[in-house]
Each structure stands twice: as structure tokens, then as C-alpha cells.
Amino acid sequence: MRDVAIVGMGTTKFKSRWVDKTYYELAFDAAKMALEDAGLEKDRIDCAVYGIYNDFFQRQYQPDAFVHDYLGLGLKPMVRVNSGGATGGAALRIGYAEVASGLYDVCLVLGVEKCADTYNYEMKMSTPEVLRAILYTADMTYDNPAGRTAASGFALAVVAHRDKFGNPTEEQMAKVSVKNHFNATKNPLAQSPKVLTVEEVMNSRMIVEPFKFYDNCLYTEGSSAVILASREVAERITDKPVWISGLGASADYVMPGNRPNIYTFESSRLAARKAYAMAGVKDPLQDLDLAELHDAFTGTEIMAYEDCFFCEEGQGGSLIDDGTVMPDGQLPVNLSGGLIGCGHAVGATGIMQTYEVALHLRGEAGRRQKKGARRGLVQSIGGTLCTWTVCLVLER
């Protein structure tokens, strides 16, 4: 396989609502930034991969075709990826394969989501419509009629982990929320910058046990794009390539009853192992400089510390207690603010996380810069109880 580099990237601001933009206009903005960052014209793009999660959000079946058309990429090959919350990471995996295989030299990978257009004007509400759209992700025979939501599904795993190992505790989860909301205050693209206390998080209203309001990410509109290129092209067009040195993916049994347990996410563990083996990472805590982990819920970030082998199984809570994952800690996690602080524009999220790590590796992350960062991890998960995981190791 050929070496693959990120040579250009761009991300719109993540917001609760882009009133004045369609989803393909948001896609255009991110693609334009990525092209300008790479110093390329759109005609240099050989193919495109689009991460767009939910047709109901966009109110459009096959929205990728309209994005492709709006970007002026007609007659070039393209494919759409949908893997729930892991959609952005999965799109990057396909884009990597397009270039690494030698099939194409330059690939645009773009994610976009515009969920608030599901607003029900008759009932004057948006969130229930968004939740209804997401429910179609669940099993239509049992889960959907029972009203399963993403929060209630992942809550099962967090409670199972707590029952098995004694953590994450309510206070540990609150510390994750405080950290990620604060990190977002240094990110001008973030949706939810906020200075909170542990007490404020713990006293916020209950959503579903054990998640309080501030333990959850918010739904987001936004777009993010990266341009991938082969080594030959990358070294010709940029002096700051960011290499995808490791990539791993896994899909677990979607029905939780078919798994041996739900207190670990085996798809994440397998994807991380594969990415580390490919990149030559022996000790993640020592070999990585930063990580962007999927924190749709605070408890799942703590589980991810274990699933990505930052610590032993059952010890994830200790990393937030001892400061290891704080901005000034040994391995800062979610300096962007993560999904909780920056936002979760589902199809774009994994690409936004990659953009964030790449910024640090290029030394361009501003006030939140991890000094001397040379290697970072991106973890993108999605589906019922983490069905899908894609992990990428990026380095300079």
C-alpha cells in the first residue's frame, strides 16, 4: 500500500442551527477551506467520499449526490458512508483505501450534517423529531417500539461497567464534562464553550440514569473536510503533510445479547489494536501526544481510556482523577472540546476530530496547542452500544 497524507483541511463552526445555510452550502464551505489549505483547485480532486449519517436530518434521500453536484465534482467518482456516530471515521477509512490502493492520487473526504431542519412547525419542537429520526437506527422490531435512544443505550454499558469495576462514578463523569466544556472555550469553532463546576454538572437535570444534562453532547450542524493524497503528490504540494500511519476498524454484533458482555466495547479494542500495530505504537500512554475520543456521553469517554489501552481494564476513572487526560496532563484528551464541547455533527464528527489532531501536529491549534505534538489518536464510534469503531493514528 502507498503512504497517505492529509494535505488540506477545513471545518465550519459547529452550531446548534445554521439558519442561513443548506447542508450542501455547509459542505461547500468546508471543501473550499480544505482546497485553499492544500493550495489545490477542485479539478485536482480525483474522487470523493461523503460522510452523511441521516437522510431524515437532511430531509433528502441520497444527499451525497446533491453535495457532489454543488461542489462542481460531477462525473468524478464518489461514495457515501453511513456508520452512525462513526460515519466520519468510516469515511476517512474509505478515502484512505482509495489512495493507499493506488486507485486515485487525491481524495476529498467530507462530512456534513444539518439535523435541525427536522423542526416540526406544527408542534413547534425540534429535539423529539431528531430523536425520532435517530430511532430508525435501532432495531425496528424491539428497540424502536420500546423507545430506545442513543443515551439510554449507552447508559446500559456505562452502568454495566460501573457495576463491574466501581467506576465511572458520577463525580468522575462530571469531571469529564467540566474538562471538555472548558477545552471548548479555547476552540473558536466549538458549539458549547462553558466554564462549569463539578457540582453544576452533578446537579443538572437527569436525562437517563446515570447521565445528567451536562453528561450528554448536543446535536450539531456543521461540516468538516480533509484532502488525502499519496506520498508522491503530498511531498510535491505541501511542506506540512500529516500522515495516517495507523488505521483500524471493527464492527461488533449489533444485538447486545450476542456479545459476551457490554462493559467493554470490543470493536474499539480491536480497532485500536489494529491501528497501533500498523503505526508501531507499543505503549499508547507513552507513544501518543494527544487523543480525540468519542465522548457523546461522559461515561463513554472514560470507557474509551480503557478500550484504547491508556490504562488497564477497570481503571479508566483514575485517569480523569489524576489529571492524565487534562490539557496539561501526560495525554490530553479532547482538546477540541470533544463532542460534548465542540459538538456532534454526526457525519462530520470523526473528520472534525481528525482536523483537530492534525492542527496540533502542524502546530496550528492556537491557545489549545499541545506543545511538541508529533503523534495523535482519533477514535470514531457509532451504532447501538458501539457497533462500529474506526481508529486512526496521525503523525508528522
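Bear in mind these aren't lab numbers, they're just calculated from the coordinates by the rules spelled out. Nothing here was measured: the structure is a model prediction, and the numbers come from that model. Note that each Cβ is placed from the backbone with ideal geometry, even for glycine, and that neighbours are counted across all protein chains shown.
I want to check the label-to-label distance for Asp139 and Leu103. Put each point 7 Å from Cα in the C-beta direction and report it in nm to one decimal.
Here the modelled spin labels are 3.3 nm apart.
Taking the Cα centre of the chain as origin, sum charge times position over the Cβ atoms of Lys and Arg (+1) and Asp and Glu (-1), and report the length of that vector in debye to the nearest 20.
Numbers: 40 positive and 49 negative charges, 82 e Å.
So the magnitude is around 400 debye.
Leaving out same-chain residues fewer than 8 places away, which lysines sit with a Cα under 30 Å from that of Lys114?
Hits, sequence-local ones excluded: Lys13, Lys15, Lys21, Lys32, Lys42, Lys76, Lys124, Lys175, Lys179, Lys186, Lys194, Lys212.
Under 5 Å between amide H atoms, partner at least 5 residues away or on a different chain: which partners does Gly8 have, H built in plane at 1.01 Å?
The list, which skips near neighbours in sequence, is Ile227.
What whole-number distance in Å separates the alpha-carbon centres of the range 195-268 and the range 354-388?
If you average the Cα positions of each part, the centres end up 10 Å apart.
Taking the Cα-to-Cβ direction at Glu209 and at Asp328 and moving 7 Å from each Cα, how far apart do the two end points lie in nm?
Placing both labels 7 Å along Cα→Cβ, they lie 3.9 nm apart.
To the nearest 20 debye, what is the magnitude of the charge dipole of the range 302-365 about its Cα centre, counting +1 on the Cβ of each Lys and Arg and -1 on the Cβ of each Asp and Glu? Don't skip to the answer; put the middle values down first.
On the way: 1 positive and 9 negative charges, 74 e Å.
So the dipole magnitude of the range 302-365 works out to roughly 360 debye.
Points 7 angstrom from Cα along the Cβ direction at Glu170 and Gln315: gap in nanometres?
Spacing of the two 7 Å Cα→Cβ label points: 2.8 nm.
Tell me which of Tyr305, Leu92, Thr149 sits at the most positive position along the dipole axis of the chain, charges placed on C-beta atoms (Lys, Arg +1; Asp, Glu -1).
Checked the options; the winner is Leu92.
Within 10 Å of each residue's Cβ, count the other Cβ atoms and sort Ser152, Ser268 from fewest upward. List each step's numbers first, then the result.
Details: Ser152 16, Ser268 30.
Fewest-to-most ranking of Ser152, Ser268: Ser152, Ser268.
So for the chain: antiparallel DSSP bridges make up what percent, rounded to the nearest 5? Don't skip to the end; give the middle numbers.
Working: 39 of 54 bridges.
Roughly 70 percent of the beta bridges in the chain run antiparallel, per DSSP.
Subtract the Cα-Cα distance of Val159 and Leu131 from 0.36 nm times their separation in residues, and report this length gain in nm to one decimal. Show your work: numbers first, answer last.
Details: separation 28, 0.36 × 28 = 10.08 nm, distance 2.20 nm.
Length difference between fully extended and current span is 7.9 nm.
Which order do the peptides 19-31, 310-322 take when ranked by the mean count of other beta-carbon atoms within 10 Å per residue, highest first?
19-31, 310-322
For a footprinting-style exposure proxy, rank Lys212, Lys76, Lys114, Lys282 by other Cβ within 10 Å, fewest first.
Details: Lys212 21, Lys76 16, Lys114 28, Lys282 9.
Lowest count first: Lys282, Lys76, Lys212, Lys114.
Most exposed first by the Cβ proxy, i.e. fewest other Cβ within 10 Å, how do Thr197, Thr389, Thr298 rank? It would help to have the intermediate numbers written out before the result.
Details: Thr197 10, Thr389 34, Thr298 30.
The fewest-first ordering by Cβ neighbours comes to Thr197, Thr298, Thr389.
Can you tell me, using C-alpha contacts under 8 Å and at least 6 residues apart, the relative contact order of the chain as a whole percent? Write down the numbers at each step before the final one.
Details: 998 pairs, mean separation 102.6, N = 396.
Reported as a whole number, the value is 26 percent.
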